[in-house]
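Below is one structure, written out as structure tokens; comments come after it.
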Amino acid sequence: MTTPTSLAAFEAIVDESGVTVPLEALLAVGVRPRQLSVRTLILGILLALADGRPAHLTRVHAALVALDDDERRRLGVVVEWKGGSHLLTYRQTEYTVGLLAAALQKNSPDGKPSDVLARLADDLIEASIGTEYKQATSAYAVDWTDVESFARPPLKEGAHTADREASWGHRRGDGPGQKDELFYGFFLQLATMVREESGAAVPELVRRLLLTSCHVDPPPAFVPVMEKMVASGVALGDVLADSGYAHRIPGHWALPLRALGADLIMDLHPHDRGTQGTFHGAICWNGNLYCPATPAALFTLEPLSRSAGEEETAAHDRRSAELARYKLGRITADDADGFHRVACPAVLGKVRCPRRPASMALSYERPEILAAPKDPPTCCTQATLTVPPSVNAKTRQKHDYPSQAHRLSYGRRSAAERSNATVKDPASNDIARGWCRLMGLTPLTLMLTCLFVVRNQRVLASFEARVAEEQRRLALGLAPRTRRRRRQTISDLVGASAAPP
């Protein structure tokens, strides 16, 4: 049975969110008052999910009935009728969920949640963030994952199915050599808090979520969620995303995020890497502008492989630093219209160029332009250039791709993978098919929102316990606890096999 302290914590979250009063006003009034209120229903869902139970209404009803008698009477699980005390029934639970789903869904479903449902999800999730952590970071890792519907997929196109809002989508398979596979359901997107680049560790809490049908393109659908988050007063800084977000029309992801003040840190899709034309003679490459006399060999630089050793990593970083010398450097921030100015690398003192006489007085440690263009383009005749937002609109980001600074900063995006993993763990709330047997976008969004409220509380408790342990060890003069090395190399295995029996 759930402890009273966890129930009190959930009540504080629900009350802070302020969602129950407007939801109660939306529900139709019947012949007699409902025994189960919206507040008690949401608490029942939270209690059931906190015990690692699936999102079944029978489990929600069981969690409420299992409370102490005083709590049941306070929450309306047990009420006094003319014939005596009446205990909440499963049918009453099902009836209230049906009324709530009908009030939250759209009249004409289009694969996206209604405004009321989206506000419910935002308010509940935001209330689960501890007050001391709301301003702890402005960096977020975003990602989407698959959520299967409990309904069987249609046997043929246009055939009847129990879940009319679900649709076919692609996901990566887990089997050897299996690239992707089809599934019938929804896409779930998450925005997870991560630490700042030079900041202290923060709990990896999910701050926003969005569930949509698979026929809805995830990145542009998530932009309004981020816009509402910023409008509510939440600061937006670094946004870390994989190539699934980067490989989109700029107006669907990159440009709206930059307009919100975000610094994008992305993994570029292979189709977006390399040279993408020129701008006034400067070469557009991986989101930056480079001198037209940049050695072509430097443009063959690719992202570092995961299996790279120390020597390969050091050589890669040296080539990246050499390439950065030829980059036109930014000298102003974006103005209100998204324009900024850049300067020639020779003007900035990064290279020696005969067309910039002052640069020839620099140290010979800097590279020298030996083959300057015979017919100099604008970038060679002007000291600075004004760059409109349409140049490198899709690929421009905070750090040079694929430099060491980008690699270290992008490593924080693994928090998004962990957010997905925590709700797909078979040892906990596994959101595989059958986890929720309610059909439709609205009830599934409600269940997933409550699940991430519970998940955030688990992450907070674990984070605070870890911080307390580190402070205790520091007070005793002990060394900080380090993570155990789990990876075994081939040398370790050879050494183990060479040992005598």
List pairs: first residue in the range 184-213 and crowded, with 22+ Cβ neighbours inside 10 Å, second residue polar (S, T, N, Q) and assigned to a loop (DSSP other than H, G, I, E, B) anywhere in the structure, Cβ distance under 8 angstrom, at least six positions apart or on different chains. Gly185/Ser149; Phe186/Ser149; Met193/Thr137; Val194/Thr137; Leu205/Ser128
Quick check, is Pro203 modelled with pLDDT of 95 or more, assigned to a loop (DSSP other than H, G, I, E, B) and touching a helix residue (DSSP H, G or I) at 6+ places or on another chain (Cβ under 7 Å)? yes
Give the residues of the range 225-274 that are over 14 Å from Ala393 (Cα atoms) and open to solvent by 70 Å² or more (accessible area, probe 1.4 Å), sorted by residue number. Glu227, Lys228, Ala231, Ser232, Pro270, His271
Within the range 115-152, take every residue that is open to solvent by 30 Å² or more (accessible area, probe 1.4 Å), hydrophobic (A, V, I, L, M, F, W, C) and over 18 Å from the mean Cα position of the chain (by Cα) and give me the one that is nearest to Ala191 (Cα to Cα). Val116
Which one of Lys82, Lys112 is free of Cβ contacts under 8 Å to residues at least 60 places away in the same chain, open to solvent by 40 Å² or more (accessible area, probe 1.4 Å) and basic (Lys, Arg)? Lys82
Tell me, please, whether a residue that is within 26 Å of Ala246 (Cα to Cα) and open to solvent by 20 Å² or more (accessible area, probe 1.4 Å) can be found in the range 361-370. no
Take Ala321 and tell me if it is surrounded by fewer than 18 Cβ atoms within 10 Å (Cβ to Cβ), touching a residue at least 24 places away in the same chain (Cβ under 8 Å) and closer than 25 Å to Arg366 by Cα. yes
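Table: residues versus (1) of a type outside the set (D, E, K, R); (2) in contact with a helix residue (DSSP H, G or I) (Cβ under 6 Å, 6 or more places away or on another chain); (3) in a helix (DSSP H, G or I); (4) modelled with pLDDT under 90.
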| position | (1), (2), (3), (4) |
| --- | --- |
| Ala427 | yes, no, no, yes |
| Leu460 | yes, no, yes, no |
| Glu464 | no, no, yes, no |
| Val467 | yes, no, yes, no |
| Arg484 | no, no, no, yes |
| Asp492 | no, no, yes, yes |
| Ser497 | yes, no, yes, yes |
| Pro501 | yes, no, no, yes |
Is one or more of the residues making up the range 41-62 among the acidic types (Asp, Glu), surrounded by fewer than 17 Cβ atoms within 10 Å (Cβ to Cβ) and under 33 Å from the mean Cα position of the chain (by Cα)? yes
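Residues checked against (1) in contact with a helix residue (DSSP H, G or I) (Cβ under 8 Å, 6 or more places away or on another chain); (2) farther than 25 Å from Thr58 by Cα; (3) not in a loop (DSSP other than H, G, I, E, B):
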site: His86; (1), (2), (3): no, no, yes
site: Arg91; (1), (2), (3): no, no, yes
site: Leu99; (1), (2), (3): no, no, yes
site: Gly111; (1), (2), (3): yes, yes, no
site: Val116; (1), (2), (3): yes, yes, yes
site: Thr145; (1), (2), (3): yes, yes, yes
site: Ala159; (1), (2), (3): no, yes, no
site: Phe187; (1), (2), (3): yes, yes, yes
With the condition kept exactly as written, say whether any residue in the range 300-312 is over 25 Å from Ala246 (Cα atoms) and surrounded by 13 or more Cβ atoms within 10 Å (Cβ to Cβ). no
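The values are calculated or read from the model by the stated rules, or taken from the named source; none is laboratory data. The structure presented is a predicted model; accordingly, all values stated were derived computationally and were not measured. Here the Cβ is made from the backbone with ideal geometry for all residues, glycine too, and neighbour counts use every protein chain on show. Protein only, heavy atoms only, side chains kept; ligands, DNA and RNA dropped before computing areas. Shrake-Rupley method; radii C 1.70, N 1.55, O 1.52, S 1.80 Å.
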